[in-house]
Structures are given as C-alpha cells and as structure tokens.
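Written out below as structure tokens is the structure these notes cover.
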Amino acid sequence: MGSIPRSPELLSAMAEFESGRLDAAALTAAQDKAVKETVETLESLGSPVVTDGEQTKPSFLTYPLAGLDNLAEGGVVIPYADGHQRQLPLLTAGPLRYKTNAAQYLRAARQYTTLPVKQAVVAPSALSLLYPPDGIKGYPREQFLDDLAAEAEAEIRGCLDAGAHVVQLDFTEGRLSLKLDPSGGLLRDFVALNNRVLERFTEAERARIGIHTDPGADQDSTHSLDVDYAELIPALFQTKVGTYYLQLASEPDQDRVLRIIADQLRPGVRVFVGVTDPVDPRIETAEEVRDRVLRAARHIPVDQLGTCDDSGFAPFADDRSTSRETAFAKIKARLDGTAQAGELLGAI
C-alpha cells in the first residue's frame, strides 16, 4: 500500500544522522540504497506496480512538514488500541507551505525500475487537523484551507506530471474521524475538502488518482478498528477518484463489508481490497489470499476488482514491529494468491 519497513542500515544511518555522527551526504546515500533495494525486491517478487516503500519519509503523515519553522507541539492526539499515541503538530503562523513534495520520492524510485510506480501522498483532510482550535491571528481558517488545497493540488499534479502510475491519497483519518466525532460531521468535512482538491483535475486525471483507507496500523496496533466500517464506506465512495484501496483482511465479517462496498460501487472505478494484514505477524498463505479474492469476486465484478495489503507496514519511520522479511513474504503471498484466483476467475 505504501510503506515497507526501513532497512536496518537505513534505520542505523537515520539514528547516526540525528545524533550528529553522520553527515547529510552519507544519509542520502543510505536512503538511495534502501529505495533501490525496495524497488528491486518488489520487482523480483513479481509485483506489476512498485513503490519506494516510503523509505525516506519520516512518516506517511508529516513528510511535507519536515523542516518547517511555523509548527509547535500540542496537536491532535491519535490514540492506538495498545495504549501508545501519535500526536500531530500545530500550525503557529501562516501561510501553510509544503516543505517537501512527494514527486521527489517518485522521481527517485523511477530511477531503479521500468515498471509503473504508484506514489502515496497524505490527504489534505489529514493536514487540515494542523490548524489550532483557537485560530491564528491574521490567518483565518478559510485562508488556511485555501492554501492547503493549493499545496495538495500542486503535489498531486507534480506526481502525475512526473509519471506516477497512480497517486494514492492516504485517508487513515477517515475512520478515525468517526471516533473523534460520531455525528459524522468531521467525516463529511474531510470528504468535502478532499473533493475540493480533486475537482481541480479532469476526469482522465482522476482516473489516475486513488484513495486508501484503513483503521490505522502502527506498532502492530490500530486506532479505529472498533468503529463500524459501514459508517465510513458510503461517505468514502463520494470521494471523486478512480480507485479505492480498502482494508479488508482484518475485518471480522468480510462478506458484510463487501456487500456494503458493492452497494456503493459505480461504473468505471476499481476497488482494491486488502487480502493481507500488516498488523498480524502471521504470514498469510497464498491459498488464504486466493480464497479471500474469490470471496470478494462474489460481490465485486472481476474487471473492477484488485488486491492490496490492508495498510502500509511501517507508516512511521520508527516502527520496527514488522521486519522487512515478513513484509515481503506477505506481499509475495498476496501476489501468488491473487494470481491463483485470477486463473480460476479467468481474469489472467
């Protein structure tokens, strides 16, 4: 879906750089090596589309902000089921400007493959949480949202122009929003903001844009798996994209979720369902994946169906809960099981 656990060498280099014992050039070399190894491994496993594994992102969420000087601690807290937390920063002054654009990650990955490359970007809805509840003097929230929409559009467009196969908006905050606001008002605001950006693209461009949702995956824990998926899916499918990437493997009643998805399905879009669970340390077998695909095909037309992992394996750089070996083994099971199902369904 996006992140692959960073290599031990890269994690070591990052720690050395933070402590001042490694210079920037050496860190960049370690990052380039990790990206190359990730792309080449995915290609060797038979993946038809590859990613950089987010090797050089500090996290899937905060990478555009790294190095900005108008941020402070004390933002929205994301509580996980195992008791640990992540916390967003707060914006202290305007204007909001991305420090890093994901197109640079895409260009780096494309150096090492001729295969299509998918690029994950943070959804503008997630970064809307940066604005403090008490406001910012001289920088009203509406101006902040205008700036955020412009930055998000520029990032997506930059990735499309740089040759992304698909640009994937990470929308893990969608399900979480229903925990923060059970009325659904925050979720509706999130969808409206994302569509405010997506409406700036043509229909052909939106066919190359997708959105991913999951209940969070960090340190082998989730933040909103206890929220009923049925409350999210209808709103999610109002998002104006060509592809939906949906966590499913960790759902206790997959057929119920698939029926809800089928009810929302419209012509011309594709749905990739999760068939491996990065939070579960057990490696799925290809046969398990095959059976999950066959179950999904009873609800979703095969020509609109694809498979994915439920989530990224290490969305925050310091998440070492899953090894690279386990992540690649799960991806291999997904690829092999999907191929087996495709043969049975006549789709390959």
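The values are calculated or read from the model by the stated rules, or taken from the named source; none is laboratory data. In this text, all values refer to a predicted model and were calculated from it rather than measured experimentally. Cβ coordinates were reconstructed from backbone atoms using ideal geometry, including for glycine residues, and neighbour counts include every protein chain displayed.
Restricting to the stretch 264-274, name every residue that is outside any helix (DSSP H, G or I) and more than 20 Å from the chain's Cα centre (by Cα). So that I can check it myself, show each step before the final result.
Residues of the stretch 264-274 that are outside any helix (DSSP H, G or I), as a first pass: 265-274.
If the condition is that a residue be outside any helix (DSSP H, G or I) and more than 20 Å from the chain's Cα centre (by Cα), then Leu265, Arg266, Pro267, Gly268 are the ones that fit.
Pairs under 7 Å by beta carbon, first residue part of a strand (DSSP E or B) in the stretch 279-308, partner of a type in the set (S, T, N, Q), six or more apart or different chains?
Thr307/Thr338
Could you grab the pairs with beta carbons closer than 8 Å, sequence gap of 6+ or different chains, first residue in the stretch 157-168 and in a loop (DSSP other than H, G, I, E, B), second one surrounded by 20 or more Cβ atoms within 10 Å (Cβ to Cβ) and hydrophobic (A, V, I, L, M, F, W, C)?
Ala162/Ala103; Ala162/Leu106; Gly163/Leu106; Gly163/Val117; Ala164/Leu106; Ala164/Val117; His165/Val117
If we scan the stretch 13-28, do we find a residue that is assigned to a helix (DSSP H, G or I), under 17 Å from the mean Cα position of the chain (by Cα) and free of Cβ contacts under 8 Å to residues at least 60 places away in the same chain?
Taking every residue of the stretch 13-28 in turn, none turns out to be assigned to a helix (DSSP H, G or I), under 17 Å from the mean Cα position of the chain (by Cα) and free of Cβ contacts under 8 Å to residues at least 60 places away in the same chain.
For the condition among the aromatic types (Phe, Trp, Tyr) and modelled with pLDDT under 95, what is the one hit in Phe272, Phe316, Phe237?
Going through Phe272, Phe316, Phe237 in turn, just one is among the aromatic types (Phe, Trp, Tyr) and modelled with pLDDT under 95: Phe316.
Tell me, yes or no, whether the stretch 326-339 has at least one residue that is modelled with pLDDT of 95 or more, assigned to a loop (DSSP other than H, G, I, E, B), among the hydrophobic types (A, V, I, L, M, F, W, C) and over 30 Å from Glu18 (Cα atoms).
No.
Collect the residues in the stretch 1-31 that are over 24 Å from Pro278 (Cβ atoms) and among the β-branched types (Val, Ile, Thr), keeping them in residue-number order.
Taking the stretch 1-31 and keeping what is over 24 Å from Pro278 (Cβ atoms), we get 16-29.
Once the filter is applied, which keeps residues that are over 24 Å from Pro278 (Cβ atoms) and among the β-branched types (Val, Ile, Thr), the stretch 1-31 yields only Thr28.
Kindly list the number of the only condition in (1) under 15 Å from Phe237 (Cα atoms); (2) touching a Cys at 6+ places or on another chain (Cβ under 9 Å) that fails for Val167.
Failing condition for Val167: (1).
Would you check if there is a residue in the stretch 246-263 being more than 19 Å from the chain's Cα centre (by Cα) and not in a helix (DSSP H, G or I)?
So far as the stretch 246-263 goes, yes, one or more of its residues are more than 19 Å from the chain's Cα centre (by Cα) and not in a helix (DSSP H, G or I).
For the stretch 44-85, give me each residue that is in a strand (DSSP E or B), polar (S, T, N, Q) and over 19 Å from Gln219 (Cβ atoms).
Within the stretch 44-85, the subset in a strand (DSSP E or B) is 50, 59, 71-72, 77-79, 85.
From what's left, polar (S, T, N, Q): 59, 85.
Those that are in a strand (DSSP E or B), polar (S, T, N, Q) and over 19 Å from Gln219 (Cβ atoms): none in the stretch 44-85.
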